Amino acid sequence: SAGFWFVLFLATEGKEEEGKKENNPSRVPQGKSGERSSVLYSAGQFFFEYLVVVSLKKMSDGRYEPKITYQFPKRENLLKGQKEEEERLLKAIPLFCFPDGNNWAPVTEFTSETFSFVLTNVDGSRKIGYCRRLLPSGRGVRLPEVFCIISCLGCFGLFSKILDEVEKRRQISMAVIYPFMQGLRESPFPAPGKTVTIKSFIPESGTELIELTRPVDAHLEHVEFQALLQRLSPHLILHIFASAVLERRLIFLAEELSVLSQCIHAVAALLYPFTWAHTYIPVVPECLLDTVCCPTPFMVGIQMRHLERVLDQPMEEALIVDLCEGKILRAVGDEEEVLPIKLQNEILTSLNRHNNNNNVHTSEQVNALVSEAFVQFFVRMVGHYSSHIKWSKNGSGTFQERAFCKAVASKTNRKFVKKFVKTNMFSLFIEEAEKSRIPQEGKR
């Protein structure tokens, strides 16, 4: 199955010109949260596609293999292409619910954990798996199982709350989960800042009303910048941003799956309003560790126990970040010089101001503060792009790259911009912008 997965994750490399366009807002926002677009996560969609339970089954050699033991809803009357896609998806999920291999033993205690993974399809579209790994209620030694919700919608806080409800019902009976998920599936996904109320009946407790609210700022709803700030200094975050913005290879190491998935989603979100369109695996399953040998850009998370194996791989230059110790284990060496010094200092001042502020902010406020610092960097560097799109009478635009770069007055800023315009994320962004104008008669 590993061969198939390289098709799944790495086919995006050849498709980057087409893939992910729908997730590129067509302009750099000027910093007002209400203006930010979230094309991908439109309100009114289904909350989720599937809820699956993945359990560990003992094999004849004594090792355990993750298998789907419950699936809701069961799909019937699928077309051939849809059926094949569903089979591929259901084959992949167990691997990512138990990415830490097959060596398990039944236990009496297990701290439940929440993490997420991303599956990238060959067309560049992505599905997110929200996971809660827990020990089923009972006595004696048991094996953990994973409740996994598959959705096209990125909203980690909302799905964590849904998983809390699933876990609560699991302690009573699997049968109580089904009506709750059915109610959720029949509810439309709320617009940013709005709430949807789900009615749910629990034996002996009666009918409960569960309120699920989406954050106001839709592009930050899959992000916890606090996770990054707790583990890395602002200086190191800048080094990571410099590597990501030039689309290099990034490897993050931590033992906990929740730490890996939260921190990698946060790093990808620093690039807003641009989108990382290369290989992106927040938690790499053990059997796919040779992903780090790819010559193309990637952003991956690997459990610390595999560090020696990773370092032994014949890989090209990469930034390797230890999230446990808060340090960089391997670097290209020029990370300090990628971003213009003046703008680096401005971002550092913003991040340090947040770190030194003892009036503890809510996670939404932290997200807004951190995002603002990086959005302003892009506004300063490339915010003038729209005045360098030449429009024809039929309304199609052509980006004037040379004039755009020449318009940057500062030499150090121009040096960065000349590199940034060659990235895939900038190209995709500009492709969207070139299509976004409504033709206006007589105007050029």
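Let me confirm something: among Val284, Val375, which residue is out of contact with any strand residue (DSSP E or B) (no Cβ under 7 Å at 6 or more places or on another chain) and open to solvent by less than 40 Å² (accessible area, probe 1.4 Å)? Going through Val284, Val375 in turn, the sole match is Val375. Within the stretch 245-281, the residues that satisfy the criterion of being open to solvent by 10 Å² or more (accessible area, probe 1.4 Å) and assigned to a strand (DSSP E or B) are Arg249, Tyr280. Residue check: is Ile177 touching a residue at least 24 places away in the same chain (Cβ under 8 Å) and open to solvent by less than 50 Å² (accessible area, probe 1.4 Å)? Taking the combined requirement at face value, the residue satisfies it. Exactly one residue among Arg126, Arg139 is under 26 Å from Ser363 (Cβ atoms) and either outside the structural domain of Glu255 (by the TED database) or more than 19 Å from the chain's Cα centre (by Cα) (or both), and that residue is Arg126. Restricted to the stretch 205-230, and to residues there that are closer than 20 Å to Ile281 by Cα and of a type in the set (D, E, K, R), the residue that is least open to solvent (accessible area, probe 1.4 Å) is Glu221.
Out of the residues in the stretch 129-156 meeting the condition of being open to solvent by 10 Å² or more (accessible area, probe 1.4 Å) and in contact with a helix residue (DSSP H, G or I) (Cβ under 8 Å, 6 or more places away or on another chain), tell me which one is nearest to Lys74 (Cα to Cα). Looking at the filtered set, the residue picked out is Arg132. Residue check: Asn357 meets all listed conditions (1) modelled with pLDDT under 85; (2) open to solvent by less than 50 Å² (accessible area, probe 1.4 Å); (3) out of contact with any His (no Cβ under 8 Å at 6 or more places or on another chain) but one, namely (2).
Evaluating Pro106 against the criteria (1) of a type outside the set (S, T, N, Q); (2) over 25 Å from Phe180 (Cα atoms); (3) touching a residue at least 60 places away in the same chain (Cβ under 8 Å); (4) touching a strand residue (DSSP E or B) at 6+ places or on another chain (Cβ under 8 Å) leaves one unmet condition, (3).
Can you spot a residue in the stretch 186-195 that is among the β-branched types (Val, Ile, Thr), surrounded by 15 or more Cβ atoms within 10 Å (Cβ to Cβ) and in the same structural domain as Leu89 (by the TED database)? Within the stretch 186-195, not a single residue is among the β-branched types (Val, Ile, Thr), surrounded by 15 or more Cβ atoms within 10 Å (Cβ to Cβ) and in the same structural domain as Leu89 (by the TED database).
The values are calculated or read from the model by the stated rules, or taken from the named source; none is laboratory data. Quick caveat: nothing in here was measured; it's all calculated off a predicted structure. Reconstructed Cβ throughout: ideal geometry from the backbone, glycine too, with neighbour counts over all protein chains shown. These accessible areas exclude ligands, DNA and RNA; they are computed on the full protein's heavy atoms, side chains included. Shrake-Rupley method; radii C 1.70, N 1.55, O 1.52, S 1.80 Å.
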